[in-house]
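A short worksheet on the structure shown next.
Derivation of every value follows stated rules applied to the coordinates shown; laboratory data play no part. Predicted model only: the values in this text are computed from it and were never measured. Heads up, the Cβs are rebuilt from the backbone with ideal geometry, glycines too, and the neighbour counts pull from every protein chain shown.
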Amino acid sequence: MRLSQFHLRTEKETPADAEIISHKLMLKAGMIRKLAAGLYTWSPLGLRVLRKVEAVVREEMNRAGAIEMAMPSIQPKELWDETGRWAKFGPQLLKIRDRKEQDYCFTPTAEEAVTDFFRQEFASYKQLPVNLYQITSKFRDEIRPRFGVMRAREFIMKDAYSFHIDDASLHAEYQNMYATYSRIFTRLGLEFRAVAADTGAIGGSASHEFQVLADSGEDATVFSDGSDYAANVELAEAVSPGPRADASEPLRDIDTPTQKTCEDVAALMGISLHRTVKSVALIGRDADGSDQFVLALVRGDHVVNEIKLAKLPGLSEYRLASEAEILDHLGSEPGFLGPLHPRKAIRVIADRTVAAMSDFVVGANKPGFHIAGVNWGRDLAEPEVADIRNVVEGDPSPDGKGTLRMARGIEVGHVFALGRKYSEAMQCSVLDSNGKAVHPAMGCYGIGISRIVAAAIEQNHDEAGIKWPAAMAPWQVAICVINPKNDAAIVAAAEALHAELLASGIDCVLDDRGLRPGAMFADIELIGIPQRVVVSGRGLEAGSFEYRARSETESENLNRDALLQKLLG
């Protein structure tokens, strides 16, 4: 490849609308260009990187026994109605209508389409297990697309779906895909961690996220410093702190005229924030399906975990209570709420940490007051207890080994054990060994191809630009020619080296654009080529080439044999 025959347009200035380093560098390097909000055109340079990622993913999926296919990006409403997701998926589902007034969507995920394909093509347990995958564009109508391709509306994804006659087979394939993903991200040269995760809108019984560790990551992950336990914050379990201490303080009102937060109340009283309890007022459903007022209690320094809360009975579709509902049930305005003396019957759910507290402070359910010295059993009935908070650094690990530490991560892959959610909803069945029709168990395995590119940059860059892991670089070696128009011998030497490297299987590019050395080197560093070779008249006179690895700060002069040994070794 010659850069004089390739489209490469870099930018010197940092784009004003770019917020994170991968977005800035992808625009500066000319890898992507914005077409509209959340929509990007990939340049020839960007496409080379995408194809490198795709190749690794495809090789490892094939190696794992998966079979590649391709499904339409546009899917009919009827399929999504079968699973109920036409209504449930939400505004991220881009709905369109054709000239015949038929409804379709631009697919964000393909569970419905692949299950429809399966039920038409497979009939017997003898054909199972099977794992079908594709690498295609997806679309999710993000309310606020940002960070370039990290959170774009249209993105490139590898999605795979497996079908099994029983749960044991599904478990085996889940482990196969888990290992496959580990190989993929290791080959791509990424520092990553697999963490237990919530199944979310996809559904299922188990899932793991694969997170590329980066300070700019949107996801908070936790891991034990004494074991291999890891999970995202949505799922990480907060264990009970132990037995409750006996009550030692009397119940008493505290005048808090303007103090509406736990922080302000603790500061006024001169106590630790750990001794306060915050009350979150919600509306859920009771056993009969009627509205139920719920007060969720967490320690003053903790945060309610919405995912955990929604898994509790009656709270799958909870909402925050209105001020009118709060006044009706508790007789107070927000800021002074608590579980004591409600006007009407309420459901109280205490986080495990709160259930173990004694002599704590809560709102008094009257404006301008809190109550101190509150104790379970003496002042309040024993509560419903559940894990409803986010873990924090320093919490004990749920497996009893070590304490939890936190890191930021970028989700680039996710594996789900779906079970029979979709096969049952879509009446998909096969005959088992006894000739009985059964719903197959399913697995789902996704990788964000375009997101991997951005995540790799977040993890691998410096002041000069991108530092690609070797497997993702657009080229492995850049041969830079100094003054090619003035010396035919320089051109001949560079072209001979270029041809030899290509013949040896080295993916290299010849920079024969005739730029000044400073501008040429800046481009090569910006776009992240792992190795650079400079061919110059001075070097040829000395019988050497200037070599520099992108990860090093100094160059070295090598003769041809030493250079080839380094590049080919």
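Quick one: which of 360-366, 279-285, 434-440, 333-339 comes out on top by average Cβ neighbours within 10 Å, and what's the full order, highest first?
Details: 360-366: 23.4, 279-285: 19.1, 434-440: 13.9, 333-339: 21.1.
The packing order, highest mean first, is 360-366, 333-339, 279-285, 434-440.
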_Sorting check: for 471-478, 497-504, which peptide has the highest mean count of neighbouring beta carbons within 10 Å, and how do the rest follow?_
471-478, 497-504
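Roughly how many debye, to the nearest 20, is the charge dipole of the chain about its Cα centre, given +1 on each Lys and Arg Cβ, -1 on each Asp and Glu Cβ, and no other charges? Numbers along the way, then the final one.
On the way: 65 positive and 80 negative charges, 253 e Å.
It comes to approximately 1220 debye.
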*Ranked by how many other beta carbons lie within 10 Å on average, peptides 290-297, 310-317, 242-249 from highest*: 290-297, 310-317, 242-249
*What order do you get for D288, D301, D159 when you list them from fewest to most C-beta neighbours inside 10 Å?*
D288, D301, D159
*Starting at the first residue of region 259-274, write each ³J(HN,Hα) from the Karplus equation 6.51 cos²θ - 1.76 cosθ + 1.60 with θ = phi - 60°, in whole Hz, x for Gly and Pro.*
8, 10, 10, 4, 4, 5, 5, 4, 5, 4, 7, x, 10, 6, 4, 5
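What does the convex hull of the alpha-carbon atoms of region 29-71 project to on average, in nm²? Intermediate values should be presented prior to the final figure.
Details: hull surface 16.8 nm².
For region 29-71, averaging the hull's shadow over all directions gives 4.2 nm².
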_With only alpha-carbon pairs counted, each pair once and no self-pairs, how large is the Kirkwood hydrodynamic radius of region 419-477 in angstroms?_
15.5
_Could you derive backbone 3J(HN,Hα) for region 287-301 from the dihedral phi with the Karplus parameters 6.51, -1.76 and 1.60 (θ = phi - 60°), listing whole Hz in sequence and x where the residue is Gly or Pro?_
4, 8, x, 8, 4, 9, 7, 10, 10, 9, 10, 10, 4, x, 9
*Sparse-neighbourhood loop sites, GluC sites (Glu not before Pro) in region 92-197 - DSSP loop, at most 11 other Cβ within 10 angstrom*: E101
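For a test of the definition: using alpha carbon positions, the gyration tensor, and the 1.5 limit on a/c, classify region 496-569 as rounded, prolate or oblate. Walk me through the intermediate numbers first.
Numbers: a/c = 1.33, a/b = 1.17, b/c = 1.14.
Rounded, since a/c falls under 1.5.
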*Using r as the Cβ-Cβ distance of K436 and R516, and R0 as 60 Å, what FRET efficiency do you calculate, to the nearest 0.05?*
0.20
_Ascending count of other beta-carbon atoms within 10 Å, so fewest first, for Y547, Y445, Y178_ = Y178, Y547, Y445
*Taking a point 7 angstrom from the Cα of N557 along the C-beta vector, which residues in region 499-514 have backbone N less than 18 Å away?*
none
_Give the separation of the Cα centroids, region 364-389 to region 516-545, in Å._
70
*Relative counts (whole %) of C-alpha pair distances in the chain, using bins that are 20 Å wide*: 17, 39, 31, 11, 1
*So what's the angle, to the nearest 10 degrees on a 0 to 90 scale, between helix 111-121 and the longest Cα principal axis of the chain?*
70
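Can you put T353, T83 in order of Cβ neighbours within 10 angstrom, beginning with the fewest? Mind dumping the intermediate values first?
Numbers: T353 23, T83 18.
Exposure proxy ranking, most exposed first: T83, T353.
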*Could you check the simple spin-label distance between K366 and A503, using points 7 Å along Cα→Cβ, in nm with one decimal?*
9.5
*What is the pair-distance distribution P(r) of region 252-386, computed from all Cα-Cα distances in 10 Å bins starting at 0, with each bin given as a whole percent?*
13, 46, 35, 6, 0
*Nonlocal amide H pairs with R151, under 5 Å, H built at 1.01 Å*: R146
*Separation between Cα centres of region 234-270 and region 45-107, rounded to whole Å*: 49
